[in-house]
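The values are calculated or read from the model by the stated rules, or taken from the named source; none is laboratory data. The structure displayed is predicted, hence computed values, not measured ones. We place every Cβ from the backbone using ideal geometry, glycine too, and count neighbours over all the protein chains shown. Surface accessibility is based on the protein's heavy atoms, side chains included, excluding ligands, DNA and RNA. Shrake-Rupley method; radii C 1.70, N 1.55, O 1.52, S 1.80 Å.
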Amino acid sequence: MIRFLLESFRVVYYERDVSIHIEYREELWRILGGRIVPPRLFIKGRDIGRANEVVGLHEQGILKKLLHDIPLISSNFPCNGCCGIRFVLCLSCHGCCKIIDQDQGKDTNGYRIRCPKCNENGLIKCPVCS
């Protein structure tokens with residue numbers, strides 16, 4: 001519902017999916033002081049509320065005022081790199097979260113270590129739009 005409202009106003013917004021990136025979840029919990037369940041809308045760093053609260057603000061005409069200074073979307077098309085998801089498969093490990101440790105030398109043929117470039121799902125932030 002929040003995404004639908006933001007898209008109907010055609011404002012630029014950044015969705016942070018806590019199921020895709022654990023750092024987003026930890027940031028949300030840190031900001032709100034506990035294990036808060038999304039979705040939540042933040043405008044200019046201010047917590048506006050959950051979906052039902054945001055819908056209520058929209059019905060009262062307040063949401064439009066809150067979004068007044070937010071830039072508008074300049075295109076009808078999503079990002080060419082990630083199709084609007086804001087994450088792509090890691091270019092180093094191709095999503096498996098493991099890479100060959102090249103520092104081990106040719107005698108051991110290296111061993112698999114955790115890829116330092118991606119998150120827990122083998123994803124990185126889109127290099128095109130993030």
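Under the condition of being in a helix (DSSP H, G or I) and among the hydrophobic types (A, V, I, L, M, F, W, C), which residue from the stretch 3-25 is surrounded by the fewest Cβ atoms within 10 Å (Cβ to Cβ)?
First, the residues of the stretch 3-25 that are in a helix (DSSP H, G or I): 3-9, 22-25.
Imposing the further condition that a residue be among the hydrophobic types (A, V, I, L, M, F, W, C) reduces the set to 4-6, 9, 22.
Working: F4: 10, L5: 19, L6: 20, F9: 16, I22: 12.
Here the residue is F4.
Being closer than 14 Å to L6 by Cα and either outside any strand (DSSP E or B) or open to solvent by 60 Å² or more (accessible area, probe 1.4 Å) (or both) is the filter here, so list the residues in the stretch 26-43 that pass it. Steps first, please.
Within the stretch 26-43, the first condition is being closer than 14 Å to L6 by Cα, and the residues that meet it are 39-43.
P39, R40, F42, listed by residue number.
So is V88 surrounded by 11 or more Cβ atoms within 10 Å (Cβ to Cβ), part of a helix (DSSP H, G or I) and touching a strand residue (DSSP E or B) at 6+ places or on another chain (Cβ under 7 Å) or not? Before the answer, list the steps.
Numbers: surrounded by 11 or more Cβ atoms within 10 Å (Cβ to Cβ): yes; part of a helix (DSSP H, G or I): no; touching a strand residue (DSSP E or B) at 6+ places or on another chain (Cβ under 7 Å): yes.
Criteria not met by V88.
Might you check whether a residue that is touching a helix residue (DSSP H, G or I) at 6+ places or on another chain (Cβ under 6 Å), outside any strand (DSSP E or B) and open to solvent by less than 40 Å² (accessible area, probe 1.4 Å) occurs anywhere in the stretch 101-116?
Yes, the conditions are met somewhere in the stretch 101-116.
Taking the conditions exactly as written (touching a Cys at 6+ places or on another chain (Cβ under 6 Å), open to solvent by less than 70 Å² (accessible area, probe 1.4 Å) and over 24 Å from F4 (Cα atoms)), does C82 satisfy them or not? I'd like the intermediate steps shown before the answer.
Numbers: touching a Cys at 6+ places or on another chain (Cβ under 6 Å): yes; open to solvent by less than 70 Å² (accessible area, probe 1.4 Å): yes; over 24 Å from F4 (Cα atoms): no.
Judged against the criteria, C82 is not a match.
Given V55, V88, which one is closer than 22 Å to S130 by Cβ and either more than 19 Å from the chain's Cα centre (by Cα) or touching a residue at least 12 places away in the same chain (Cβ under 8 Å) (or both)?
On the way: V55 fails: closer than 22 Å to S130 by Cβ.
Unique residue meeting the criteria: V88.
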